[in-house]
Amino acid sequence: MVKIPENKRNVPSLFVCQDGTEVKTAKEWVDKRRPEILEMLRREEYGRLPDMSDVKVDIHVTAVRQGEKIMNGRAVRKTVEVEAVRRDRHFIFTFDVFIPANAEKPVPAFVEICNRGSMNCDPARELLSSFYPAETIISRGYACAAFRTHEVAPDYEEGFRTGFHRLFPEYADNRAGDDWGTITVWAWAASRVMDYFETEPMIDEKRVAVVGHSRGGKTSLWCGAQDERFAMAVSSCSGNSGDAISRGKTGESIRQILDRFPFWFAKNYQKYVDHEEEMPFDQHMLVALMAPRLVYTSTKSNDSWADPASEFESLVQADPVYQLLGVKGLSQWERPYPEQSLHEGHIGHHHKTGEHTMDDYDWDLYMDYADKHL
Ligand code: GTR
């Protein structure tokens, strides 16, 4: 028997299909309701990629380094270039992968969507930042890779002309309602890292987590929702249009996010400015699309813009899908107090006293959770 939590925010049901029928079995969820929700989020919120059939994507290793200079010999670093070509246009982004040098068999891995530039995910490891503690990740037996979102698609309004968008000049300043926003492109890039992992003998591609903070966290959830090769998605403080329920949310609203970052989303999303109650979806659906795979969110007590209560509510409301699929989801429906973590089920969470960021504390818990479940 699936237990349904109290629906205080009046979010749309996960189990009632668009034709009014009710999902009663795991098969109905997988075959019917899940694809319908995915399509709805694509059309109404994040936008869909253009037809990629004439885009040739080539992924190749451009350098392999090992030795004292690379994490004191503890890791192998591979630099990977993703080149996408369409007609006479091309675009490239790169990322670096670190793999424990002493690994004897394929290891699990983290992909970080780095929205804070090379200062915070320096491939040379001269600038160290707890936003991407690659040395610790390696010491715990995981591989890791980070790509810089700004190399993939710019994080400012520029009419969809540079980065990935360059490939599709016919869309510049000419996006239809359901065409892609930048978050969809960043998610596409994370999937290209996964493409590479599938070819890398020392990475176990069945045990890969995609991780992001804030706008990166919105992206990691959307990536995990679409690309079922990811066994786990981690969102730090992703708030509005990420892990937080929009109905009844405090802090950032859809109006405020679209005022500043309209290009992150499909134009259709504008319909819901000040009309959250009319949305046929809410963010618990984004979380539920991960089921039965692992999803982990973390929040900070002082991050009122993201709204920790609304962030936790999406996990509670997503829990019934995990139950339906026969796995333990969230270990409790009461909000945890700061410094408490919920690591029992396939929906993991921790809450921490502090500000809007992702740091060593969070990473240690992501890895504790991955040690247990991934
Ligand atoms: C804020 C934005 C949030 C969040 C944040 C971030 O300005 O309003 O939704 O994405 O940026 O990425 O740090």
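When the stretch 347-363 is limited to residues that are out of contact with any His (no Cβ under 9 Å at 6 or more places or on another chain) and not polar (S, T, N, Q), the one that is most open to solvent (accessible area, probe 1.4 Å) turns out to be E355. Scanning the stretch 230-251 for residues that are at negative phi and near the ligand (Cβ under 10 Å from one of its atoms) gives S236, S238, N240, G242, A244. Of all residue pairs spaced 6 or more apart or on separate chains, those with beta-carbon atoms under 9 Å, a first member in the stretch 248-277 that is touching a residue at least 40 places away in the same chain (Cβ under 8 Å) and under 22 Å from K8 (Cβ atoms) and a second member that is among the charged types (D, E, K, R) and within 12 Å of the ligand (Cβ to nearest atom) are K249/D307; T250/D307; G251/D303; G251/D307; E252/D307. In the stretch 261-309, of all residues being acidic (D, E) and in contact with an Asp or Glu (Cβ under 9 Å, 6 or more places away or on another chain), the one that is nearest to C17 (Cα to Cα) corresponds to D282.
Considering every residue within the stretch 108-116, establish whether at least one is modelled with pLDDT under 95 and either within 17 Å of the chain's Cα centre (by Cα) or on the phi > 0 side of the Ramachandran plot (or both). The answer is no; no qualifying residue exists. One residue is enough: does the stretch 38-47 have a residue meeting the conditions part of a loop (DSSP other than H, G, I, E, B) and of a type in the set (A, V, I, L, M)? No, that holds for no residue. For the stretch 88-110, the candidate set comprises residues that are among the hydrophobic types (A, V, I, L, M, F, W, C) and closer than 15 Å to M202 by Cβ; within that set, the residue that is nearest to the ligand (Cβ to nearest atom) is F110. The criterion of at least 1 residues that are in contact (Cβ under 8 Å) with a residue 12 or more places away in the chain, within 14 Å of V111 (Cβ to Cβ) and of a type in the set (K, R) is met by the following helices (runs of 4 or more DSSP H) wholly inside the stretch 131-234: 182-199.
All told, T182 meets the bar of being within 12 Å of the ligand (Cβ to nearest atom) and either open to solvent by less than 20 Å² (accessible area, probe 1.4 Å) or within 22 Å of V82 (Cα to Cα) (or both). Restricting attention to the stretch 65-113, the residues being of a type outside the set (S, T, N, Q) and under 24 Å from F168 (Cα atoms) number 16.
Taking the criterion of being out of contact with any helix residue (DSSP H, G or I) (no Cβ under 8 Å at 6 or more places or on another chain) and within 14 Å of the ligand (Cβ to nearest atom), the residues of the stretch 185-229 that qualify are H213, S214, G217. In the stretch 215-259, the qualifying residues are those that are surrounded by fewer than 22 Cβ atoms within 10 Å (Cβ to Cβ) and of a type in the set (S, T, N, Q), and the one that is farthest from V287 (Cα to Cα) is Q256.
Being open to solvent by less than 70 Å² (accessible area, probe 1.4 Å) and among the acidic types (D, E) is the filter here; which residues of the stretch 28-60 pass it? Correct list: E36, E39, E44, E45, D54, D58. Scanning for something more than 21 Å from the chain's Cα centre (by Cα), on the phi < 0 side of the Ramachandran plot, open to solvent by 60 Å² or more (accessible area, probe 1.4 Å) and of a type in the set (A, V, I, L, M), does the stretch 61-69 turn up at least one residue? Checked the stretch 61-69: at least one residue is more than 21 Å from the chain's Cα centre (by Cα), on the phi < 0 side of the Ramachandran plot, open to solvent by 60 Å² or more (accessible area, probe 1.4 Å) and of a type in the set (A, V, I, L, M).
Between D31, D58, D19, the distinction of being assigned to a loop (DSSP other than H, G, I, E, B) and of a type in the set (D, E) belongs to D19 only. If the condition is being over 20 Å from the mean Cα position of the chain (by Cα) and within 11 Å of the ligand (Cβ to nearest atom), then the stretch 254-282 contributes Q256, D259, R260. Within the stretch 293-326, if we keep just the residues that are part of a helix (DSSP H, G or I), open to solvent by 10 Å² or more (accessible area, probe 1.4 Å) and polar (S, T, N, Q), the residue that is farthest from the ligand (Cβ to nearest atom) turns out to be Q323.
With the condition kept exactly as written, say whether any residue in the stretch 158-178 is crowded, with 21+ Cβ neighbours inside 10 Å and within 16 Å of the ligand (Cβ to nearest atom). No; the residues of the stretch 158-178 include none that is crowded, with 21+ Cβ neighbours inside 10 Å and within 16 Å of the ligand (Cβ to nearest atom). Listed conditions (1) buried (at least 18 other Cβ atoms within 10 Å of the Cβ); (2) in contact (Cβ under 8 Å) with a residue 40 or more places away in the chain are all met by N120, apart from (2). Being open to solvent by less than 10 Å² (accessible area, probe 1.4 Å), under 20 Å from R215 (Cβ atoms) and touching a residue at least 12 places away in the same chain (Cβ under 8 Å) is a property that M367 lacks.
The values are calculated or read from the model by the stated rules, or taken from the named source; none is laboratory data. Owing to the predicted nature of the structure, the values given are computational and were not obtained by experimental measurement. Don't worry about glycine lacking a Cβ; one is built from the backbone with ideal geometry, like all the others, and counts go over all protein chains shown. Remember, those area values only see protein heavy atoms, side chains included, never the ligands or the DNA or RNA. Shrake-Rupley method; radii C 1.70, N 1.55, O 1.52, S 1.80 Å.
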